[in-house]
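One structure is given here, and the rest of the page talks about it.
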Amino acid sequence: MIEARHLRVLRAVALTGSFSAAARELGCTQPAVSQQMKALEQSTGTPLLVRTGREMRLTQAGTALVRHASGILAGLTAAEEEIAAIAGLRAGRVRLVSFPSGSSTLVPGALAQMRAAHPGTEISLVEAEPPRSVEMLRDGECEIALAFRYPDVRGSDPAAGAEWEDLVVRPLLTDRLIGVVPEGHRLAGAERIGITDLAEEPWIAGCPRCRRHLVEVCESAGFTPRIDFATDDYPAVFGLVGAGLGVAVMPELALESVRPKGARVVPVEPAVHREIVALTLPDLARVPAVDAMLDKLAGTAGR
């Protein structure tokens with residue numbers, strides 16, 4: 001194996017013409033230069049220098065290796081400088097995947113703080129709901145995934161607690177679900193309602209994970225919800241509820257970016273929460289830019 005330190009010695013010998021001059025150039029002893037040249041010749045399996053008295057010249061193999069050495073050492077220097085820049089947060093990349101209500105609430109402030117603190121770090125954002133966002137993380141399509149999960153209402157899923165066990169989990173916040181009813185609804189003015197109060201209503205459901213959880217909560221309360229409409233878009237949910245087409249339960253976080261025209265929000269009892277986290281892989285958690293982005297997300301969530 002050819003080592004970079006051996007290439008540096010070979011280049012110095014070629015430039016200076018002798019071991020002693022190369023030693024002075026490199027700040028080491030002549031025996032050290034001689035030993036490294038012997039090691040390099042053993043690695044290549046061919047002589048690289050011809051010694052004739054006090055003179056020293058390169059063999060054909062030595063000439064070829066010196067020619068390549070300049071480019072190799074320049075590339076290594078560039079790589080070292082780039083890695084140092086990434087480690088020092090003067091450069092780097094963080095690809096973030098978030099679910100929509102997180103993108104409109106938690107992410108903007110964190111991205112703005114990250115860009116202000118580390119302008120050399122490239123940051124990108126795409127949207128995906130879990131579990132797709134978690135799959136993207138495991139497949140190497142992002143460095144951080146914002147995700148959420150609901151409690152196992154029925155206690156029937158033994159894998160529920162192990163869903164993220166291979167990942168680094170940074171808790172961000174707990175988001176309560178709230179009821180959404182049309183303005184003219186009989187329960188629009190209530191201080192709080194039970195989920196069973198909506199048993200006979202048509203429902204508007206969200207993403208597949210949210211929809212599954214809605215069914216579990218309702219069935220645990222003794223009824224199966226009649227889901228007439230389903231959409232991942234929270235403004236659409238509010239629009240459908242506001243038009244009198246049904247009721248819904250939504251994350252409280254969604255209210256920060258949507259104005260419920262024609263709809264009223266009502267606390268639902270018993271309270272149901274979802275856990276919102278930032279996920280990354282264990283190796284990625286040690287990358288300075290990823291660690292800094294996780295800190296910004298946690299800070300924004302704790303606002």
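The values are calculated or read from the model by the stated rules, or taken from the named source; none is laboratory data. Values in this document were obtained by computation on a predicted structure and should not be read as measured data. Glycine also receives a Cβ, built like all others from the backbone with ideal geometry; neighbour counts cover every protein chain displayed. Each accessible area value is taken on the protein alone, full model and side chains, heavy atoms only, with ligands, DNA and RNA left out. Shrake-Rupley method; radii C 1.70, N 1.55, O 1.52, S 1.80 Å.
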(request) Looking at (1) at negative phi; (2) at pLDDT below 95; (3) within 26 Å of the chain's Cα centre (by Cα), find the lone condition where Val153 falls short. (result) (3)
(request) Within region 6-18, identify whether any single residue is closer than 30 Å to Ala91 by Cα and open to solvent by 30 Å² or more (accessible area, probe 1.4 Å), and answer yes or no. (result) yes
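When you scan region 207-218, how many residues do you find that are more than 17 Å from Gly179 (Cβ to Cβ), charged (D, E, K, R) and open to solvent by 30 Å² or more (accessible area, probe 1.4 Å)? Show your work before the answer.
If we filter region 207-218 for residues that are more than 17 Å from Gly179 (Cβ to Cβ), which is where we start, we get 207-209, 212.
From what's left, charged (D, E, K, R): 209, 212.
Going one step further and asking which of them are open to solvent by 30 Å² or more (accessible area, probe 1.4 Å), we end up with 212.
Matching residues across region 207-218 total 1.
Could you count how many residues in region 91-108 are loosely packed, with under 15 Cβ neighbours inside 10 Å and either touching a helix residue (DSSP H, G or I) at 6+ places or on another chain (Cβ under 8 Å) or among the aromatic types (Phe, Trp, Tyr) (or both)?
Initially, region 91-108 is screened for residues loosely packed, with under 15 Cβ neighbours inside 10 Å, giving 93, 108.
Subset that is either touching a helix residue (DSSP H, G or I) at 6+ places or on another chain (Cβ under 8 Å) or among the aromatic types (Phe, Trp, Tyr) (or both): 93.
The number of residues fulfilling the criteria is 1.
One line per residue, one yes/no per condition, for (1) at pLDDT 90 or above; (2) among the aliphatic types (A, V, I, L, M):
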residue: Val9; (1), (2): yes, yes
residue: Cys28; (1), (2): yes, no
residue: Gln60; (1), (2): yes, no
residue: Ala64; (1), (2): yes, yes
residue: Ser70; (1), (2): no, no
residue: Leu76; (1), (2): no, yes
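Please tell me if Glu219 is farther than 21 Å from Ser101 by Cα, part of a helix (DSSP H, G or I) and among the charged types (D, E, K, R). Break it down stepwise before answering.
Details: farther than 21 Å from Ser101 by Cα: yes; part of a helix (DSSP H, G or I): yes; among the charged types (D, E, K, R): yes.
So Glu219 passes the test.
Yes/no per residue for (1) acidic (Asp, Glu); (2) touching a helix residue (DSSP H, G or I) at 6+ places or on another chain (Cβ under 8 Å); (3) at pLDDT 95 or above:
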| residue | (1), (2), (3) |
| --- | --- |
| Ala221 | no, yes, no |
| Pro235 | no, no, no |
| Gly239 | no, no, no |
| Pro251 | no, yes, no |
| Ser257 | no, yes, no |
| Gly262 | no, yes, no |
| Leu294 | no, yes, yes |
| Thr300 | no, yes, no |
(request) Looking only at region 258-277, decide whether some residue is out of contact with any strand residue (DSSP E or B) (no Cβ under 7 Å at 6 or more places or on another chain) and under 24 Å from Glu163 (Cα atoms). (result) no
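Taking the stated definitions as given, is Thr231 under 32 Å from the mean Cα position of the chain (by Cα), of a type in the set (Ser, Thr, Tyr) and either closer than 30 Å to Ala91 by Cα or modelled with pLDDT of 95 or more (or both)?
Details: under 32 Å from the mean Cα position of the chain (by Cα): yes; of a type in the set (Ser, Thr, Tyr): yes; either closer than 30 Å to Ala91 by Cα or modelled with pLDDT of 95 or more (or both): no.
So Thr231 fails the test.
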(message) If the requirement is being open to solvent by 40 Å² or more (accessible area, probe 1.4 Å) and within 44 Å of the chain's Cα centre (by Cα), which of these qualifies: Thr52, Thr44?
(response) Thr44
(message) List the residue pairs whose Cβ atoms are under 8 Å apart, where the first residue sits in region 258-275 and is free of Cβ contacts under 8 Å to residues at least 40 places away in the same chain, the second is open to solvent by 50 Å² or more (accessible area, probe 1.4 Å) and not acidic (Asp, Glu), and the two are 6 or more positions apart or on different chains.
(response) Val258/Pro235
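When region 185-204 is examined, which residues are found to be touching a strand residue (DSSP E or B) at 6+ places or on another chain (Cβ under 9 Å) and not in a strand (DSSP E or B)? Write out each step before concluding.
Initial filter on region 185-204 (touching a strand residue (DSSP E or B) at 6+ places or on another chain (Cβ under 9 Å)): 185, 187-195, 197-198, 200-204.
Matches in region 185-204: His185, Leu187, Ala188, Gly189, Ala190, Glu191, Arg192, Ile195, Asp197, Leu198, Glu200, Glu201.
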(request) Please work out which one of (1) surrounded by fewer than 18 Cβ atoms within 10 Å (Cβ to Cβ); (2) out of contact with any Pro (no Cβ under 9 Å at 6 or more places or on another chain); (3) in contact (Cβ under 8 Å) with a residue 24 or more places away in the chain is the condition Pro235 fails and give its number. (result) (3)
(message) Which residue is nearest to the chain's Cα centre (by Cα), if the candidates are limited to region 261-284 and must be farther than 22 Å from Arg209 by Cβ and surrounded by 17 or more Cβ atoms within 10 Å (Cβ to Cβ)?
(response) Leu284
(message) Which numbered condition in (1) surrounded by 17 or more Cβ atoms within 10 Å (Cβ to Cβ); (2) free of Cβ contacts under 8 Å to residues at least 60 places away in the same chain; (3) touching a strand residue (DSSP E or B) at 6+ places or on another chain (Cβ under 7 Å); (4) not acidic (Asp, Glu) is the only one that Phe229 fails?
(response) (1)
(message) Regarding region 115-122, can at least one residue be identified that is in contact (Cβ under 8 Å) with a residue 60 or more places away in the chain, surrounded by 13 or more Cβ atoms within 10 Å (Cβ to Cβ), more than 19 Å from Val277 (Cα to Cα) and within 18 Å of the chain's Cα centre (by Cα)?
(response) yes
